[in-house]
1. Calculate how steeply helix 21-32 sits against the longest principal axis of the alpha-carbon atoms of the chain, using the helix alpha-carbon long axis, and give the answer as 0 to 90 degrees to the nearest 10.
2. Could you give the accessible area per residue of the chain, probe 1.4 Å, as a whole number in Å²?
3. Using a 1.4 angstrom probe on the protein heavy atoms only, could you order 42, 33 from most to least accessible area?
4. Straight distance only, please: which lysines reach the Cα of residue 29 with their own Cα at less than 25 Å, same-chain residues fewer than 8 apart left out?
5. With each run of n ≥ 4 DSSP H residues scored as -39500 (n - 2.57), what mean residue ellipticity at 222 nm is computed for the chain after dividing by its residue count and rounding to the nearest 500 deg cm²/dmol?
6. Determine the dipole magnitude for the chain: charges of +1 sit on the beta-carbon of Lys and Arg, -1 on that of Asp and Glu, nothing else is charged, the reference point is the Cα centre, and the result goes in debye to the nearest 20.
7. Taking amide hydrogens as modeled 1.01 Å from N in the peptide plane, which residues meet the under 5 Å criterion relative to residue 141, leaving out close sequence neighbours?
8. Roll a 1.4 angstrom probe over the protein heavy atoms and tell me the percent of accessible area of the chain that is carbon or sulfur.
Amino acid sequence: DSGVGNAAKALRAYEGLELHPAIERAAGKLYRDGHYANAIEDAVKALNAIVRLNSGVDDKDGTQLMEFVFSPKNPVLKFNNLADQSDLDEQKGFMMMSSGAVAGLRNPRAHKLIKDDPERALEFIAFISLMAKLSDEATKA
């Protein structure tokens, strides 16, 4: 069964990643146990918690939280100095990526049963981990 081979290969790749510690805590056991959709959903929930913690904004959630905290016009957390259009574009892009993680990854898995394959789940979790690391590196505006 090539499915078993793919899962083993994806697990080896997963173990080789240096994931954000909070993302690993949220998703690691679920991923290793083959609960890929739950691992992705919980990784995004952890990202949400990290952004709340880093920003001090605790009255918003999900896409609203990401769009408020990382807004290019009036950010709570900024990824750069927002000195020029290129900086503003990066801020907007990272805001959209964070918001997209919630809308595209968490919400569908929270509302219906999705069967994720190990490799795709690995890529999603790595992406969520990257967003968590970027959030940690962002500075208060």
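The values are calculated or read from the model by the stated rules, or taken from the named source; none is laboratory data. All figures in this text were calculated on a predicted structure; none of them were measured in a lab. Cβ coordinates were reconstructed from backbone atoms using ideal geometry, including for glycine residues, and neighbour counts include every protein chain displayed. Each accessible area value is taken on the protein alone, full model and side chains, heavy atoms only, with ligands, DNA and RNA left out. Shrake-Rupley method; radii C 1.70, N 1.55, O 1.52, S 1.80 Å.
1. Approximately 20 degrees, to the nearest ten.
2. Details: 7750 Å² over 141 residues.
Per-residue accessible area for the chain comes out at 55 Å².
3. Working: 42 50, 33 85 Å².
From most exposed to least exposed: 33, 42.
4. 9, 45, 112, 115, 133
5. Working: 7 runs with 96 residues, N = 141.
Result for the chain, helices only: -22000 deg cm²/dmol.
6. Details: 18 positive and 21 negative charges, 61 e Å.
Charge dipole, the chain, about its Cα centre: 300 debye, nearest 20.
7. 77, 78
8. Working: 4010 of 7750 Å².
Taking all protein chains in place, the chain shows 52 percent carbon and sulfur surface.
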